[in-house]
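Here's the structure we're looking at; comments come further down.
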Amino acid sequence: MSVTVIGIGADGWEGLPPASRHEIESCEVLMGSTRQLDLVPAAGPDRPVERVAWPSPLVPALPGLLERHEGRRVAVLASGDPMCHGIGSTLVRLLGAARVRVVPHPSSVSLACARLGWALNDVEVVSLVGKPAALVVPHLHPGRRVLVLGGDPREVAALAPDARLTVLEQLGGPGERVHHSLDDADPLHVLAVECGADGASLTPGRPDEEFEHDGQLTKREVRAVTLALLAPRPGELLWDVGAGAGSIAVEWCRTHPSCRAVAVERNPERAARIGRNATALGVPGIEVVVGSSPDVLDLEAPDAVFIGGGLTAEGVVERCWDAVKPSGRLVANAVTLESEAVLTRWHGRLGGDLTRIEVSRATAIGGFTGWRPQMPVTTWAVTKENA
C-alpha cells in the first residue's frame with residue numbers, strides 16, 4: 001500500500017495550503033492523533049471518511065493498522081514537518097520511501113528559530129518525546145543553542161542550571177505564546193536552551209571521578225587510547241564485554257547520538273551501576289545485559305567489540321571475533337599475566353597490534369611530589385578485514 005503524510009500546524013485547517021487540503025479531502029482513511037484529527041473539519045455525507053486515532057503504543061501497532069486498510073487511500077496527519085522527528089520517518093522505515101508521499105508543513109523547529117532569530121543550521125535538536133531528559137546532556141556545551149522537543153522543561157532545567165530557557169507554545173497557532181515560566185508549559189511546546197559556561201567535552205577520556213565504580217574501571221588515559229582504537233563512527237554498535245563500570249560503552253555513545261552500545265556484566269551490582277553512569281553522562285539508551293560471557297552473547301552483530309573483563313573464560317574471544325561484522329574492530333585489554341597470555345596467543349593467530357600502556361601519575365609523597373605508577377595494561381587491537 002501507499003500512504004500520504006500531511007504536515008499540519010497548530011493553526012489547523014486554516015493554515016493548510018490547497019495541496020494539503022486536497023490530499024485530506026480525497027482520502028478514504030484519515031489517521032492521526034486525536035488532537036490532529038480535531039483540527040480537520042468532518043467530511044460531508046456524500047464522501048464518508050473513516051477517522052482512525054493512533055493507538056498507544058503506536059509503533060508496534062502500525063503494521064497491523066496499515067494492513068487493515070490495504071487498498072484504500074490512506075492519509076496520515078503529522079505535526080509540522082513529518083520528516084523532522086515525526087511519523088513520516090517511521091512510515092518510510094516501515095514501507096519504504098517509494099510508498100510514502102510527504103506533504104510537509106513548517107516544523108516547530110523552523111518556527112522556533114524564526115521567533116528567536118536563531119540560525120537553523122547552527123542549532124542542535126533533541127527529541128525527548130517518550131524519552132528520558134538525560135539525552136540532552138551531551139548537547140550542553142558553552143554558548144551552544146539547543147531546541148528540545150517534548151519532555152518536562154523543569155527536568156531539562158535541572159540538567160542545565162546555568163542555561164537560559166525559553167518556552168515556545170502552540171507555534172503558528174492562535175494560542176501561540178513565548179515565555180520563561182517552566183511550571184505551566186503547554187504540552188505542545190518547544191524548549192529553547194541557551195547554554196551557559198557548563199558542559200563536558202565529547203572527547204573520550206572523561207575524569208575517573210565522573211564514573212561511579214568499585215575499582216573496576218578503565219582509567220581515563222587507557223580509556224582514551226582504547227576508544228581511539230575502537231574508532232566509533234555514527235550509527236555503529238559496540239559490545240562492551242566485562243563492562244565493569246561501563247565507562248567504555250558510555251564514552252562510545254557520547255561520541256555521536258546515533259552510536260549504540262550493549263554492556264555485558266555478570267555482576268548485578270556493577271550492571272546496575274552501569275545504568276546509573278549511562279544516565280548521569282547523558283546516554284541512558286545503553287542496553288545492559290547481566291550474565292556470564294560467552295553464554296549471554298547471542299546479541300545483534302556489533303561493529304566493534306571491547307573485552308575489558310573475562311578474557312580467560314573459555315570461548316569469549318572466539319564468540320566476539322565470530323560476531324563482529326566485516327571491517328569491524330576488536331580491542332581487548334589485559335592487566336594480568338594470564339589474560340596477557342591469551343592476547344599474545346590471539347595476536348599470533350590473527351595479527352593486529354599488541355601494545356603495552358604504562359601510566360604514572362604525580363602524587364604527594366610527604367611534603368613533596370613523586371610519580372606513582374599504575375598497573376601496566378596490554379592492549380590488543382585487530383580489524384576483521386586485516387586478520
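Read-outs throughout are calculated quantities, based only on the coordinates presented, and are distinct from any laboratory measurement. Given the structure is predicted, the values throughout are model-derived calculations rather than measurements. Cβ sites come from the backbone with ideal geometry, for glycine too, and all protein chains shown count toward neighbours.
Brief remarks on what is shown
- With the gyration tensor restricted to C-alpha atoms of the stretch 224-280, the semi-axes of the equivalent ellipsoid amount to 19, 12, 9 Å, longest first.
- Spatially proximal aspartates and glutamates relative to K131 (Cα-Cα < 15 Å; intrachain offsets below 8 disregarded): D152, E155, E287
- DSSP beta bridge pairing in the chain, given as percent antiparallel to the nearest 5: 45 percent
- Taking amide H as placed 1.01 Å from N in the peptide plane, Q374 has its amide H under 5 Å from the amide H of V359, S360, R361, each at least 5 places away in sequence or on another chain.
- Calculated FRET efficiency for the pair L94/T344, C-beta based, R₀ 56 Å, to 0.05: 0.70
- Under the Karplus curve 6.51 cos²θ - 1.76 cosθ + 1.60, θ = phi - 60°, whole-Hz ³J(HN,Hα) for the stretch 100-114, x wherever Gly or Pro sits: 10, 10, 10, 10, x, 10, x, 6, 4, 5, 5, 5, 5, 4, 5
- When both the stretch 1-41 and the stretch 268-333 are represented by their alpha-carbon centers, they are found 46 Å apart.
- Shape call, the stretch 109-194: gyration tensor on alpha carbons, a/c limit 1.5: oblate
- Of the GluC sites (Glu not before Pro) in the stretch 255-326, the ones in a loop by DSSP (not H, G, I, E or B) with at most 13 other beta carbons within 10 Å are E300, E314.
- Residue among V342, V283, V148 with the largest mean-square fluctuation in a Gaussian network model of the chain, springs linking Cα atoms under 10 Å: V342
- Highest-MSF residue in the chain out of L58, L135, L217 [GNM, Cα springs under 10 Å]: L58
- Phi-derived couplings, Karplus 6.51 cos²θ - 1.76 cosθ + 1.60 at θ = phi - 60°, listed residue by residue for the stretch 200-209: 9, 5, 8, 5, x, x, 5, x, 4, 5 Hz, with x used for Gly and Pro.
- Straight-line cross-link reach from K384 at under 20 Å between alpha-carbon atoms covers these aspartates and glutamates, not counting any fewer than eight positions away in the same chain: E236, D240, D298, E300, D303, E318, D322, D353.
- In order along the stretch 58-70, the phi-based Karplus estimate (6.51 cos²θ - 1.76 cosθ + 1.60, θ = phi - 60°) of 3J(HN,Hα) comes to 7, 4, x, 8, 4, x, x, 5, 5, 4, 5, 10, 4 Hz; Gly and Pro are listed as x.
- In this structure the amide hydrogen of V264, modeled in the peptide plane, comes within under 5 Å of the amide hydrogens of D240, V241, G242, A243, V289, none closer than 5 places in sequence on its chain.
- Residues whose amide H falls under 5 Å from that of V76, counting only those 5 or more places apart or on a different chain, are T4, V5, I6, M31, with hydrogens built in the peptide plane.
- The stretch 6-97: GluC sites (Glu not before Pro) falling in loop per DSSP and having at most 16 other Cβ within 10 Å: E28, E70
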